[in-house]
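Undergrad: Quick one: this structure, given as structure tokens, is what I'll be asking you about.
The values are calculated or read from the model by the stated rules, or taken from the named source; none is laboratory data. The structure displayed is predicted, hence computed values, not measured ones. No Cβ is skipped: glycine too gets one built from the backbone with ideal geometry, and neighbour counts run over all protein chains shown.
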Amino acid sequence: MNTPSLSTFLSRRRAATALASLLLCSVVPSAMADSDYPNKPIKLIIGYPPGGSVDQTGRIVGEALARRLKGTIVIENLGGAAGTIAAQKVVNSPADGYTVMVGSSNELVATGLVNKAQKYDAQRDMTPIGLIATAPVLLVAGPKVNVKTLAEFVDAVKRNPGKFSYGSSGVGSTLHFAGELIKQRAGLFMSHIPYRGVAPLTNDLAGGASNSRLCQPRQRFPSCKAAGSPRWA
């Protein structure tokens, strides 16, 4: 039986492994059914620093919620540990509907599969409000890596074992899984570098500390300009 190519494999599996989903969720938001809801500001927690795809989407959602609910939405960015720090804060908050979160498939699904120390169970401890976005995952090579296609990138890594690395939004994140999937299917040896957010990752990519990164399309244009036009595979 022939083994499918890396690009074919990713195309077939992208709905399951190469899509990052964003979900608006809370802890038992029963108060939302009250006629006078909201009667105080709603805290919208985003588990990543400003500038990333989750942050950008979350701010758009926050503005829409403020208009629809005719209330005040207070954005709080709480980055780190692939979104789990923010998720834990939401779980620990009162179940009154005034603390909501724009979460990703990282902290709501993926991290629970690899992090035994994670205290919360998203399925048990959080209530989903709605799916608000999905995004494909892109592999980006830094400006110092002279490749134009995925095949050229794979060839470059194989010719230089141990000299390539890729950055992601954290251990156990969807982007981390995507990177490991690429390594496994293509037979590559690359080290993984987890980051707290887009800005430090972009800086390292531009400076050559990291050869490549996994990201969502919303991160593409600002990162592309900051990193000296990296190449997109």
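Undergrad: Check K183, K158 and return the single one that is touching a strand residue (DSSP E or B) at 6+ places or on another chain (Cβ under 9 Å), more than 22 Å from N203 (Cα to Cα), charged (D, E, K, R) and assigned by TED's automatic domain parsing to the domain that holds D204.
TA: Working: K158 fails: touching a strand residue (DSSP E or B) at 6+ places or on another chain (Cβ under 9 Å).
Only one candidate passes the filter, namely K183.
Undergrad: Just checking, which of G51, G62 is within 14 Å of the chain's Cα centre (by Cα) and either of a type outside the set (D, E, K, R) or in a loop (DSSP other than H, G, I, E, B) (or both)?
TA: After ruling out the rest, the residue left standing is G51.
Undergrad: I'd like the full set of residues that are farther than 28 Å from L65 by Cβ, of a type in the set (A, V, I, L, M, F, W, C) and out of contact with any helix residue (DSSP H, G or I) (no Cβ under 6 Å at 6 or more places or on another chain), limited to the range 95-149.
TA: Within the range 95-149, L113, V114, A117, L138, L139, V140, V145 qualify.
Undergrad: When the range 58-82 is examined, which residues are found to be surrounded by 18 or more Cβ atoms within 10 Å (Cβ to Cβ) and at pLDDT below 90?
TA: G79, A81, A82, listed by residue number.
Undergrad: May I ask you to list the residues in the range 124-142 that are within 17 Å of the chain's Cα centre (by Cα) and of a type in the set (S, T, Y)?
TA: Within the range 124-142, just T134 meets the criteria.
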